[in-house]
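Visitor: Sending over a structure as structure tokens; questions will come in a sec.
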Amino acid sequence: LSSVLRTAMPDASFYLWARVDQHGLSDSEFARALVADYNVVVLPGSFLAREARGVNPGTGFVRIALVATLAECLEATDRIQQFVSKL
């Protein structure tokens with residue numbers, strides 16, 4: 001995914017945080033379109049944090065949970081890459 005989204009492998013987690021706002025969509029718009037068009041569910045980062053002093057630190061990110069089988073995770077990454085390439 002790092003070729004299409006700014007993300008890196010986590011040190012000790014099964015979540016990837018991907019920056020998506022550079023693609024012209026908010027994190028919630030990105031998540032809604034991805035599930036509608038490619039049947040892949042990610043969570044908007046803004047849903048996971050609270051706004052403080054006018055800033056929500058999750059805004060512009062999506063959280064990808066790597067909890068399915070390896071084959072399903074790889075299929076999802078292929079679908080995410082296809083989705084991003086069409087933005």
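Visitor: Ordering LEU66, LEU34, LEU74, LEU1 by how much accessible area each has at a 1.4 Å probe, largest first, what is the list?
Guide: Working: LEU66 55, LEU34 0, LEU74 95, LEU1 35 Å².
Listed by decreasing accessible area, they come as LEU74, LEU66, LEU1, LEU34.
Visitor: Find out how many positive minus negative residues lie around ASP27, taking Lys and Arg as positive, Asp and Glu as negative, among other residues whose Cβ is under 14 Å from that of ASP27. Numbers along the way, then the final one.
Guide: Details: positive: ARG6, ARG19, ARG32, ARG63; negative: ASP21, GLU29, GLU51.
Overall, the nearby charge balance is +1.
Visitor: What number comes out for accessible area per residue over the chain if the probe is 1.4 Å? Units Å², please.
Guide: On the way: 5600 Å² over 87 residues.
Using a 1.4 Å probe on heavy atoms only, each residue of the chain averages 64 Å².
Visitor: Among residues other than ARG79 whose Cβ falls under 13 Å from its Cβ, what is the net charge (Lys/Arg +1, Asp/Glu -1)? The partial results should precede the final answer.
Guide: Details: positive: LYS86; negative: ASP37, GLU72, GLU75, ASP78.
Once positives and negatives cancel, what remains is -3.
Visitor: Same structure again: So which chymotrypsin sites (Phe, Trp or Tyr not before Pro) in the chain pass both tests, a DSSP loop state and at most 11 other Cβ atoms within 10 Å of the Cβ?
Guide: Numbers: sites: PHE14, TYR15, TRP17, PHE30, TYR38, PHE47, PHE61, PHE83; in loops: PHE14.
Answer in residue order: PHE14.
Visitor: Considering only protein heavy atoms and a 1.4 Å probe, what is the carbon-and-sulfur percentage of the accessible area of the chain? Can you show the working numbers first?
Guide: Working: 2980 of 5600 Å².
About 53 percent, which is the carbon plus sulfur part of the accessible surface.
Visitor: Right, something else. Mind checking the angle between helix 70-85 and the chain's longest principal axis? C-alpha axes, 0 to 90 degrees, to the nearest 10.
Guide: 60
Visitor: Take every Cα pair under 8 Å in the chain that's 6+ residues apart, average their separations, divide by the length, and report that relative contact order as a whole percent.
Guide: Details: 124 pairs, mean separation 27.1, N = 87.
It rounds to 31 percent for the chain.
Visitor: Nearest 10 degrees is fine. How inclined is helix 27-38 to the longest principal axis of the chain, computing both from alpha carbons?
Guide: That helix lies at roughly 20 degrees to the long axis.
Visitor: Something else now. Of the GluC sites (Glu not before Pro) in the range 41-87, which ones lie in a loop per DSSP and count no more than 12 other C-beta atoms within 10 Å? Could the numbers behind the result be given before it?
Guide: Numbers: sites: GLU51, GLU72, GLU75; in loops: GLU51.
Those that pass, being in a loop and sparsely packed, are GLU51.
Visitor: Give, rounded to the nearest 20 debye, the magnitude of the charge dipole that the chain has about its Cα centre when Lys and Arg contribute +1 at Cβ and Asp and Glu contribute -1 at Cβ. Provide the component values of the computation, followed by the final result.
Guide: Working: 8 positive and 9 negative charges, 47 e Å.
Using Cβ point charges on Lys, Arg, Asp and Glu, the chain gives about 220 debye.
Visitor: Select from the chain those trypsin sites (Lys or Arg not before Pro) which occupy a DSSP coil region and have at most 12 other Cβ atoms within 10 Å, ordered by residue number.
Guide: Numbers: sites: ARG6, ARG19, ARG32, ARG50, ARG53, ARG63, ARG79, LYS86; in loops: ARG50, ARG53, LYS86.
Listed in order of number, the matching sites are ARG50, ARG53, LYS86.
Visitor: Let me ask something else. Between ASP27, ASP11, ASP37, where does the largest GNM mean-square fluctuation fall for the chain, given springs only between Cα atoms within less than 10 Å?
Guide: Judging by the Gaussian network model, the answer is ASP11.
The values are calculated or read from the model by the stated rules, or taken from the named source; none is laboratory data. Given the structure is predicted, the values throughout are model-derived calculations rather than measurements. Note: ideal-geometry Cβ built from the backbone for every residue, glycine included; neighbour counts use all protein chains shown. Only protein heavy atoms, including side chains, enter the accessible area calculation; ligands, DNA and RNA are left aside. Shrake-Rupley method; radii C 1.70, N 1.55, O 1.52, S 1.80 Å.
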